[in-house]
Amino acid sequence: MQSEPINFDDTAIAFAHRTNGELKNSHFVFTTMSRPWIVKVGTAMTNLALKLNLPVKGIIKKTLFNQFCGGESIKDCSKTINLLGDHNVQTILDYSVEGLKNEDGYNDTKEEALRVIDFATTNDHIPFCVLKLSGLGSTDLMTKAQSKDKLSEVEKTKLYYAEQRVDEIVQKASSKGLMVMIDAEESWFQSFIDGVAYRMMEKYNKVRPVVYNTYQLYRHDMFDRLQRALIQAENDGYYLGAKLVRGAYMEKERDRAEEMEYASPIHMEKKDVDEDYDEALRFCMRHIDKMGVCAGTHNEDSSNLLVQLMQEQKISNKDNRIFFAQLLGMSDNISFKLADLGYNVAKYVPYGPVEKVLPYLFRRAEENTSIAGQSGREYTLVTNELKRRKQSA
């Protein structure tokens, strides 16, 4: 077994699945993302160009879209899924279209999730489905419910339908042997999401972890919430499913807290986030007999920590209670190295029509500029691999 920390600088393994042309595109994308002002101006110009019906879709598809998305439809993603699978990396298909915010739109999102499940049953490389509650029901009503504001009967019915959509998706996934990740969202309706997630776990996690709730450790209360979630799971007789992430809405959370004059739920220092994340990994591994865990992280130190914890507990690399996950187009040095060593690794593979996934792509670009060193790290790895290939040619 691996005893020394894993060296995540192995670009030959990280990019074995990428052609020179694809790497050059990645080089361009991460060069651009390392300059926040270009991202800001480029986002504004792209939005304007689309409003004016200028022919920019092809440029977007060849750059940002090809870097971070698997295709425009489920079927389109087959090539990416199979390519990842050839290198022992599994796929989590993520429909990244922000649909219509009405009952018809929520039903459309549900139907797409059911189509993903049908597709997953024909492909051995898709262990998880993923859903966002904001795509299945009104976040305004979720916020209202979380705030304990009085709901009308119509509003209660709409929230009931939202939960029923989740239930339908989870029931089908469970019956097909798949697992379901429920994404974390903004703090002002996250507790509502948690409630739905735990009710789904109580129903479907009796025999194995099927439903995974997501814990954003950049929130200073999240490690405590994770611990309480396990106590609740034990008391109610089900397995806890936990996906651990650092978090994705930092600026938005802080801005709202300042505007509405309440204490920000976000840690003040990154080191506190890192400490909580790693402590959450240790906690989950201490209780791995009662849960499943997915480490959704682009952090090399945290990835190494989980490997170390598995080794200390003599847990097999392929134990299906433990997964590592990263986004498509990012941290291939972590994903493909871990997969090469036999660990369970999955890539989040967003998909959808180019023009409809732009909000996702712009968020990804902005997050890459705000994550300390992320774009620079990706840029360096791609540069090193291009140099290595040139020297060995």
Q: Determine the shape class of region 262-393: with a ≥ b ≥ c the square roots of the Cα gyration tensor eigenvalues, call it rounded for a/c under 1.5, and otherwise prolate if a/b is greater than b/c, oblate otherwise.
A: oblate
Q: Could you estimate the translational diffusion coefficient of region 70-148 from the Stokes-Einstein equation, with Rh from the Kirkwood formula over C-alpha pairs, at 20 °C and 1.002 mPa s, in whole µm²/s?
A: 154 µm²/s
Q. Considering the chain as a Gaussian network with a 10 Å cut-off on Cα pairs, which listed residue, Pro209, Pro350, Pro359, attains the greatest mean-square fluctuation?
A. Pro359
Q) What Kirkwood hydrodynamic radius do you get for the chain when you take the inverse of the mean 1/r over all pairs of distinct Cα atoms, in Å? A) 21.7 Å
(Q) Counting C-alpha atoms alone, how compact is region 157-228: give Rg to one decimal and Dmax as a whole number, in angstrom. (A) 12.7, 37
Q) Which order, highest average first, do 145-156, 111-122 follow once you tally other Cβ atoms within 10 Å for each residue and take the mean per peptide? A) 111-122, 145-156
Q. Among Asn20, Asn333, Asn317, which one moves the most in a GNM of the chain with springs linking Cα atoms closer than 10 Å?
A. Asn20
(Q) Along the Cα→Cβ direction, 7 angstrom out, place labels at Thr121 and Glu202. What is the inter-label distance in nm? (A) 2.9 nm
Q: Write down the Å³ per residue value for the convex hull defined by the alpha carbon atoms of region 238-325.
A: 109 Å³
Q. When the accessible area of the chain is split by element with a 1.4 Å probe, what percent falls to carbon and sulfur?
A. 52 percent
Q | Estimated dipole of the chain in Debye, rounded to 20 [Cβ of Lys and Arg +1, of Asp and Glu -1, Cα centre] | A | 1000 debye
Q: Report the relative contact order of region 241-393, percent, no decimals, based on alpha-carbon pairs under 8 angstrom and at least 6 residues apart.
A: 18 percent
**Q.** Fluctuation leader among Lys252, Lys75, Lys243 - the chain, Gaussian network, Cα springs under 10 angstrom
**A.** Lys252
Q | Inter-label distance, nm, simple model (7 Å from Cα along the C-beta direction), Ala257/Thr31 | A | 3.8 nm
Q. Per residue, what accessible area does the chain have, given a 1.4 Å probe and all protein chains present, in Å²?
A. 46 Å²
**Q.** Contact order normalised by residue count of the chain, Cα under 8 Å, 6+ apart, percent
**A.** 26 percent
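The values are calculated or read from the model by the stated rules, or taken from the named source; none is laboratory data. Since this is a predicted model, take the numbers as computed values, not measurements. Please note: Cβ atoms are built from the backbone with ideal geometry, for glycine as well, and neighbour counts cover all protein chains shown. Note: accessible area is taken over every heavy atom of the protein model, side chains too, but ligands, DNA and RNA are not part of it. Shrake-Rupley method; radii C 1.70, N 1.55, O 1.52, S 1.80 Å.
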